[in-house]
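Below is one structure, written out as structure tokens; comments come after it.
Read-outs throughout are calculated quantities, based only on the coordinates presented, and are distinct from any laboratory measurement. For clarity, every value in this text was computed on a predicted model and none was experimentally measured. Every residue, glycine among them, receives a Cβ derived from its backbone with ideal geometry; neighbour counts consider all protein chains shown.
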Amino acid sequence: MPLSPFEREVLGWVLNDYEAIHTIRSDIARDLERPVSDEEVGAALLTLARAGYVDVFFYDVSSYQFRPAEVDKHPVADLWFLGNKEGVAEEARE
């Protein structure tokens, strides 16, 4: 299934660093020059995770570390995402 332009935009943001909805939503809105909702970003992140383009993490505040997480076991707003080699390859296909 091809990614939408918005999903590609989100993928670009998570390829370089751990990101969560709240860390990239305003940057994406600025780049696209339009309002962007948390729900829109969250849906794109879930699509990318389920497609295998990003890895999913939960931030453990007690150890200050990102721990691998299952995408469907936590609310998307609590998760962090990082692009993986499949995501890099998909980004290069554009």
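Here are a few things to note about the model shown:
- Counted residues, the range 65-83 - those being surrounded by fewer than 20 Cβ atoms within 10 Å (Cβ to Cβ) and small (G, A, S): 2
- Among the residues making up the range 46-86, those that are over 16 Å from A20 (Cα atoms) and of a type outside the set (K, R) are A51, G52, S62, S63, E86.
- S62 vs. criteria within 15 Å of F6 (Cα to Cα) and exposed (fewer than 15 other Cβ atoms within 10 Å of the Cβ): no
- Residue that is farthest from the chain's Cα centre (by Cα), among those in the range 9-20 that are in a loop (DSSP other than H, G, I, E, B) and hydrophobic (A, V, I, L, M, F, W, C): L15
Table: residues versus (1) outside any loop (DSSP other than H, G, I, E, B); (2) exposed (fewer than 15 other Cβ atoms within 10 Å of the Cβ); (3) hydroxyl-bearing (S, T, Y).
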| residue | (1), (2), (3) |
| --- | --- |
| E7 | yes, no, no |
| H22 | yes, yes, no |
| R25 | yes, no, no |
| R34 | no, yes, no |
| L45 | yes, no, no |
| V88 | yes, yes, no |
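- With respect to the conditions (1) out of contact with any helix residue (DSSP H, G or I) (no Cβ under 7 Å at 6 or more places or on another chain); (2) closer than 15 Å to N84 by Cα; (3) part of a helix (DSSP H, G or I), F57 falls short on a single one, namely (3).
- Residue within the range 56-75 that is on the phi > 0 side of the Ramachandran plot and either of a type in the set (A, V, I, L, M) or in contact (Cβ under 8 Å) with a residue 24 or more places away in the chain (or both) present: no
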